[in-house]
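The values are calculated or read from the model by the stated rules, or taken from the named source; none is laboratory data. Keep in mind that this is a model prediction, so the values were computed, not measured. Glycine gets a Cβ as well: all are built from the backbone with ideal geometry, and neighbour counts include every protein chain shown. Side chains included, ligands, DNA and RNA excluded: accessible areas come from the protein's heavy atoms. Shrake-Rupley method; radii C 1.70, N 1.55, O 1.52, S 1.80 Å.
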Amino acid sequence: GWCPLSPAGAQTTQLLVEPPWRPAVLWDGVTLTCQGSGTAGATTWYKDGNFFGRKGRDKIFVTQSGTYMCRKPGTGYSPPVTVSDDWLVLQVPAWPLLEGDTVTLPCRS
């Protein structure tokens, strides 16, 4: 997904989800990509608040449900992303929505 730049050149770490739906569901085969202007290849990953390792990789393929965050030196922590394996999930697009937008919400099972 395309991500607009932060206002006033604010430095942030973003966690991109593919496919771009929230909550992400494990059975879709979810890839998380950590984006930030911090040092390339120095990404640290966290799952459910705990150090998750995989240090150095900007992209991971998720094999367990949970709440994921990444951290890059210089831009800090990303917002959390939840990956669900519930049997029934109502999803919303991962991109920003504006009032008045028409949106289809997938109910997945």
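Within segment 14-83, what whole-number % of the accessible surface is contributed by carbon and sulfur, with the 1.4 Å probe and all protein chains included in the calculation?
On the way: 1790 of 3390 Å².
Taking all protein chains in place, segment 14-83 shows 53 percent carbon and sulfur surface.
Could you tell me which of rounded, prolate or oblate describes the chain, using a ≥ b ≥ c as the square roots of the eigenvalues of the alpha-carbon gyration tensor, with rounded for a/c under 1.5 and, failing that, prolate when a/b is larger than b/c and oblate otherwise? Walk me through the intermediate numbers first.
Details: a/c = 2.50, a/b = 1.24, b/c = 2.02.
The shape class here is oblate.
Quick one: which residues, 5+ away or cross-chain, put their amide H under 5 Å from the amide H of THR12? H built at 1.01 Å from N.
Placed amide hydrogens put SER37 under 5 Å from THR12.
Going 7 Å from the Cα of THR63 toward and past its Cβ, which residues in segment 14-48 have a backbone nitrogen under 18 Å from where you end up?
The answer is 25-33, 45-48, whose backbone nitrogens lie closer than 18 Å to the label point.
Give, as ranges by residue number, the residues of segment 71-96 whose backbone N falls under 13 Å from the point 7 Å along Cα→Cβ of TRP27.
84-90
Give, as a single signed number, the net charge of other residues whose beta carbon lies under 15 Å from the beta carbon of GLN14, with Lys and Arg counted +1 and Asp and Glu -1.
Values: positive: ARG22, LYS59, ARG71, LYS72; negative: GLU18, ASP58.
In short, +2.
Can you give the accessible area per residue of the chain, in Å², using a 1.4 Å probe? Could you put the intermediate results ahead of the total?
Details: 6640 Å² over 109 residues.
Per residue, the chain has an accessible area of 61 Å².
For segment 17-24, take each phi angle, set θ = phi - 60°, evaluate the Karplus expression 6.51 cos²θ - 1.76 cosθ + 1.60, and give the result in whole Hz per residue in order, putting x for glycine and proline.
Running phi through 6.51 cos²θ - 1.76 cosθ + 1.60 with θ = phi - 60° gives 10, 10, x, x, 10, 10, x, 5 Hz.
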